[in-house]
Every structure is written in structure tokens, then in C-alpha cells.
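The values are calculated or read from the model by the stated rules, or taken from the named source; none is laboratory data. Small disclaimer: the values here were computed from a predicted structure and weren't measured. Here Cβ is always computed from backbone atoms with ideal geometry, including for glycine, and neighbour counts include all displayed protein chains.
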Amino acid sequence: MRATATVRDLRTRFPKVKEMVERDGEVIVTDHGRPSFVLRPYRATRTRPEPVDYYDRLVRRMPRPLSAKATRDLDDANREER
């Protein structure tokens, strides 16, 4: 059975409700007998992002240089058109 507490319990006996959250992991808060809220312990889900290495990213995005053979072939092709 899940732990429950009322809104009044939150106002008057919060340390006890806090212990219930720590022990059970979750407490359902009722308002006028109807479940209204769920209390859970806070868990940080986001960590600090890794720093961006902008130079490495730039180098990876740069076009690859032509090989020596490809450069000679391109030069030869351009000379023949003249």
C-alpha cells in the first residue's frame, strides 16, 4: 500500500511526511479525501554539458584535401581545355 498524507498533514506535520517520502519513495497527497498530488524526492536528471571543442568541430567539417594524383589530374584537365 502506498503512503498517503493530507494537505493538513503537509502543513502541520511536514517532517513526518518528509520521512515517509524518504522511506517509501513516494507519498500521495489527498485533498478532501481525493488523491490530488504525488510527492517524490527530487533527482537531478540533467548534468553539466560537455564543453565544445570548436576547433575540432571545425576541422571535422572542413573538406578533405585532394590527393597529389587528383590535383595533377585536375591541372591536366584544365590545361587541355585551353
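Within the range 64-74, the residues that satisfy the criterion of being surrounded by 11 or more Cβ atoms within 10 Å (Cβ to Cβ) and not acidic (Asp, Glu) are LEU66, THR71, ARG72, LEU74. Under the condition of being in contact (Cβ under 8 Å) with a residue 24 or more places away in the chain and of a type in the set (Lys, Arg), the residues counted in the range 1-58 number 1.
Return the residue satisfying two criteria in turn: it lies in the range 4-18 and is basic (Lys, Arg) and surrounded by 14 or more Cβ atoms within 10 Å (Cβ to Cβ), and of such residues it is nearest to GLY33 (Cα to Cα). Among them, the one singled out is ARG13. Examine the range 46-54 for a residue that is surrounded by 10 or more Cβ atoms within 10 Å (Cβ to Cβ) and touching a strand residue (DSSP E or B) at 6+ places or on another chain (Cβ under 7 Å), and state whether such a residue exists. No; the residues of the range 46-54 include none that is surrounded by 10 or more Cβ atoms within 10 Å (Cβ to Cβ) and touching a strand residue (DSSP E or B) at 6+ places or on another chain (Cβ under 7 Å). Selection of the range 35-82 for residues being over 23 Å from the mean Cα position of the chain (by Cα), under 30 Å from ASP24 (Cβ atoms) and of a type in the set (Ser, Thr, Tyr) yields only SER36. Regarding ALA77, is this residue aliphatic (A, V, I, L, M), loosely packed, with under 11 Cβ neighbours inside 10 Å, closer than 30 Å to ARG2 by Cα and modelled with pLDDT under 90? The answer is no for ALA77.
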